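Since every read-out is calculated from the coordinates, none of them should be taken as a lab result. Given the structure is predicted, the values throughout are model-derived calculations rather than measurements. Cβ sites come from the backbone with ideal geometry, for glycine too, and all protein chains shown count toward neighbours.
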């Protein structure tokens, strides 16, 4: 039986973003693992009163299991800095920067990390006509879990008019980005170490969408990725460089496309860096950590040990 740890960990989950349900699942898994490691755990379903709740709880550490707006964009990080509660994952600036896909890509490109051609515009501009030659992808600049992603195929005469929905919930700014054919590769960084690379194979979906990510059987994860050794090493190298360029801390995950299609370019392109990667039963980071020798409980303990303010 694991000895009781005297530290009190508040697991922050839920929130008000589109990814609320995913966050609740991540948080429940994290809390159970921390209890298995002997920590005293309080589960906090985050609302707009989170500052007052945390001030009352006075935890020793906050484990951030939030995803999306409010939890991954520097907002909750600012609350935790103000309250001086040590917390996991990236700090205010890195979180805000990585969450804004356009600005993050500017930093990544300046660090020599290859990214796809794009334009950041309003959704009305994206719906009015092709801003890049099809095929291309339209995605909200500040959402995760593939919410709001639209692929405009070659031969389509007009962009998707779904962008003009009056109830469109993903913000007014979108990124129109060149579509990169090929394989979906991903690699996590844990502190100053790049873990191994996963090749994600979706089960019938056109891309790694919400269902592929979170539904059982939605995708197959090939670990270690069956790719050329030089590509494998390059994914690890670029993941660590991206983590460092954005100023990330703790755990992050970088996503790539590798065009290995017949007659393709052979390019390896970084799509984005996730500062709050999922921690559900189908999530990638726990799988990579397990391959590196860390049980899920040991990964959670490492994150608690790594927590700090001024990140």
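Against the chain, whose longest principal axis is taken from its Cα atoms, helix 229-246 shows a tilt of about 60°. Counting only DSSP H runs of at least 4 residues, each contributing -39500 (n - 2.57), and dividing by the residue count of the chain, the helix-based mean residue ellipticity at 222 nm comes to -9500 deg cm²/dmol. In the set [x] 72, 52, 34; [y] 56, 46, 39; [z] 61, 46, 37, the label that goes with Cα extents along the principal axes in Å computed for this structure is [z]. Taking the chain as a Gaussian network, Cα atoms linked when under 10 Å apart, which of 74, 129, 47 shows the biggest mean-square fluctuation? Evaluated over the chain, the most mobile residue of the options is 129. Across the chain, the relative contact order, built from alpha-carbon pairs under 8 Å that are at least six residues apart, equals 21 percent. Each peptide in 163-170, 189-196 gets a packing score, the mean of other Cβ atoms within 10 Å over its residues, and the list from highest to lowest is 189-196, 163-170. So how tilted is helix 101-110 from the main axis of the chain? Cα-based, degrees 0 to 90, rounded to 10. Helix 101-110 and the main axis of the chain meet at about 80 degrees. DSSP beta bridges confined to the chain are antiparallel in about 75 percent of cases. Full extension of the chain between residue 309 and residue 291 yields a length gain of 3.5 nm, computed as 0.36 nm times the residue separation minus the alpha carbon distance.
Grab the beta carbon distance between residue 130 and residue 82, set R0 = 35 Å, and tell me the FRET efficiency rounded to 0.05. Efficiency for this residue pair is about 0.20. Multiplying the residue separation of residue 48 and residue 178 by 0.36 nm and removing their Cα-Cα distance gives an extension gain of 43.1 nm.
As a calculated quantity, the FRET efficiency between residue 156 and residue 228 at R0 = 30 Å, using C-beta atoms, amounts to about 0.35. Hey, what angle do you get for helix 296-306 against the long axis of the chain, alpha-carbon based, 0 to 90 degrees rounded to 10? For 296-306 against the chain, the angle is about 80 degrees. For segment 238-285, relative contact order (Cα pairs under 8 Å, six or more residues apart, normalised by length) works out to 33 percent.
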